[in-house]
1. Suppose we filter the stretch B:1-21 for residues that are more than 8 Å from every other protein chain (Cβ to nearest Cβ) and surrounded by fewer than 23 Cβ atoms within 10 Å (Cβ to Cβ); how many remain?
2. Just to verify a result, which residue in the stretch A:106-139, among those that are out of contact with any helix residue (DSSP H, G or I) (no Cβ under 9 Å at 6 or more places or on another chain) and within 20 Å of residue A:293 (Cα to Cα), is surrounded by the fewest Cβ atoms within 10 Å (Cβ to Cβ)?
3. It is to be established whether one or more residues within the stretch B:390-409 are modelled with pLDDT of 95 or more, within 20 Å of residue B:32 (Cα to Cα) and in contact with a helix residue (DSSP H, G or I) (Cβ under 9 Å, 6 or more places away or on another chain).
4. Across the stretch A:97-109, what is the number of residues that are part of a helix (DSSP H, G or I) and within 20 Å of residue A:75 (Cβ to Cβ)?
5. Could you list, in sequence order, the residues of the stretch B:433-450 that are out of contact with any strand residue (DSSP E or B) (no Cβ under 6 Å at 6 or more places or on another chain) and either surrounded by 22 or more Cβ atoms within 10 Å (Cβ to Cβ) or free of Cβ contacts under 8 Å to residues at least 12 places away in the same chain (or both)?
6. Consider the stretch B:338-368. How many of its residues are over 19 Å from the mean Cα position of the chain (by Cα) and modelled with pLDDT of 95 or more?
7. Which residues, taken from the stretch A:401-426, are exposed (fewer than 15 other Cβ atoms within 10 Å of the Cβ) and touching a residue at least 40 places away in the same chain (Cβ under 8 Å)?
């Protein structure tokens, strides 16, 4: 967190103001570069690899959309208000913490009231008594135009995809299964946002909705590409087994080829982010944990210092959404499946990825304190995710070294994220680069002026090698290839 | 518009619903590619070229922010409501259209009422009488948390930049002048949104705020890079003169090097978008036209079928924003200018670019109907802005041509936006590609199987040449270089 605040990764929104609301964070220049590169990797390894279509829709959507999706009725948190001081709490969390046992957020209000009464749970602030549990809708309402038409900020980006699906399928000559992807912001009016990027009120999602024919979930030739992909799957949250996608399918651990294929795609993607793939799992959710729209659900989770963290919700939403939108809009949303010319209301399997949480997990898994070398802090980011790829450092600011360094910098910065630094000792400059994960440091010294070579220092090994200036671009380009 | 709707460029949000609010549009797969590539070009030609810092902040901001910025008090439109049918209108527009003369939106309410009375202007819907003119604040309000704390969706992205400036300047070791950039959404509750992408309630801005020392506006060595850049400047909106940035400065047409330099940067950027640079102008705004925060203002305008269209507002905002935020937050927002160690509250010059409008203008300037050739519709987009760079077409679906085409497609799509199409006559397939601006069509024919060459057809000239499959990547890569 200290590094994040001091080095331009992320920081609280409106922080100069006392009335800055909690749960809003900004990406600084360093964090934004990582975010943009992570999105690029997602586009390459998921969207383009699978031939998905990507769209970009509005965040404010009409009330009907959320009637149809069920969010108006179901997207609520239970809250209790203290009759003494007026403080409001999430009832399920308050109860869970008070009695030391996890209570699901979907526990009925009456049951929550009963537990509060039985255990005489009082307000943590003033010891006052609580009123009855009520439901708080987590969507932000907005009023449009002078007539104040009611609309909402979307609580998940995918509703855009569902509503746009008919036009996209038709105009882009779609074939099932068809993945439609979107990167964008979603908004949830959390009662108690916390932990910087982990529970935000305004956050980035990269969502993929795969529209499919429910009768052909095993008709997917491209599954062959991933048969041997190793997946770590946990059915109960306690034990995790490592199986290939093919085995998981034949042993009934995963329900069909479509689900298995997209989990494998996701697994491959995260394998390239630098997250330690020994500390991940696909955890299947039980009935009480699943979102109201999901019939099968796996969470892609990563182990962090604060426990297992959900990065992606993989939900089989069946026809929940298209059926809802079809009923409320009175539009027929069935399409023709060209493979057998049948008319079908597609089902949906989704990969709903939290971008902010993913960045947090990548940063945590990349963070090392190197006690053998000066207690240096190193972010071991993949070169293609690093905010800056290369630092250019004149060894000293004389003898024309600055000028030569500036020339190299000007040339490299057109193609690579580059950083010029000539202030402080060379050791301090290395430290500054390592802290933000810069993989390569180029030092320009007197030898450079003689034979046009520079030293290239690798962040992780601290090894240095001499390379000709003319070969730098090739060297850096190769570092950007995915493993 | 027909092309936009039918080919996945853009379309109305929530269109399956009757209660879909006006002024919200989505990018389909074709439009989104263009948008992302335009943003990349902006990053390259403006942000990176000038060494700016880019951030990405929240859209919901606290109430204090807009007290300080003046939007709570000043960001209003005059409206009148019909006492008969209740319809609401923008008073300035209603009056302008009724009396056939442009009335500025900042005309006082009483003056508007007087004109309405004097001209006996009645409701266009029911001929009823109007009530008095009132002010409608164009910000969308949102309520945060169970206590419903008041906040707003930002009406311009730059407020994020101002509020984040102290931390960014400090942690990123800033030096004046420093450009801080942001791409993101802004929200304005327009009374009468219209013309698809041109007046939206939710829209993309790419804004640059250049923080500068007001005493050193002519201390800018990099101005030399743009001395000879030709600018088309209009002081009165009627006549436009073409002058170099250097001449504009020495003749007092532009006020200082800083303003001249950034206008030139913007000019260079648009020169690469494919917009016809003979149909643009920087128009200096008069006192009544300028936004409430601007002391000098130029609009970058493009001539389109519906008249001159503002794409970028270039405002010298002086210390309006930092002074406001400093007063309301009670934080000292002065910084040290390292060039002379003086303490200064920076002034700001901004380039506030509308992304959606820019896309509209680029599309319109790229659109050609070619009556000499089959009335073909061609979008002459620059290769680096085209949604798809290359189409791969087997001449016929037999003799192994499909298989060979698929191989080429699989290889190219990893690096380039590629499209495979084997349905319909080759002529129809060319037409489909030209309509969405695909610069190159590769046809695989029998000769391909013999000598591994394909024909590459250029969209604009329709010329074809045979190229070896092995040389395709090099050919395509070169096409992506900016002119």
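1. 5
2. Ranking the qualifying residues of the stretch A:106-139, first place goes to A:108.
3. yes
4. Residues flagged as part of a helix (DSSP H, G or I) and within 20 Å of residue A:75 (Cβ to Cβ) within the stretch A:97-109 amount to 1.
5. B:436, B:439, B:450
6. Number of matching residues: 7.
7. Hit for the stretch A:401-426 is A:415, nothing else.
The rows are residues; the columns are (1) in contact with a helix residue (DSSP H, G or I) (Cβ under 7 Å, 6 or more places away or on another chain); (2) without any contact (Cβ under 8 Å) to a residue 24 or more places away in the chain; (3) away from chain B (no Cβ under 14 Å).
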{"site": "A:283", "(1), (2), (3)": "no, no, yes"}
{"site": "A:286", "(1), (2), (3)": "no, yes, yes"}
{"site": "A:298", "(1), (2), (3)": "yes, no, yes"}
{"site": "A:303", "(1), (2), (3)": "no, no, yes"}
{"site": "A:323", "(1), (2), (3)": "no, yes, no"}
{"site": "A:338", "(1), (2), (3)": "no, no, no"}
{"site": "A:343", "(1), (2), (3)": "no, yes, yes"}
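The values are calculated or read from the model by the stated rules, or taken from the named source; none is laboratory data. The structure displayed is predicted, hence computed values, not measured ones. When we count neighbours, we look across all protein chains shown, and the Cβ atoms used for this are built from the backbone with ideal geometry, even at glycine.
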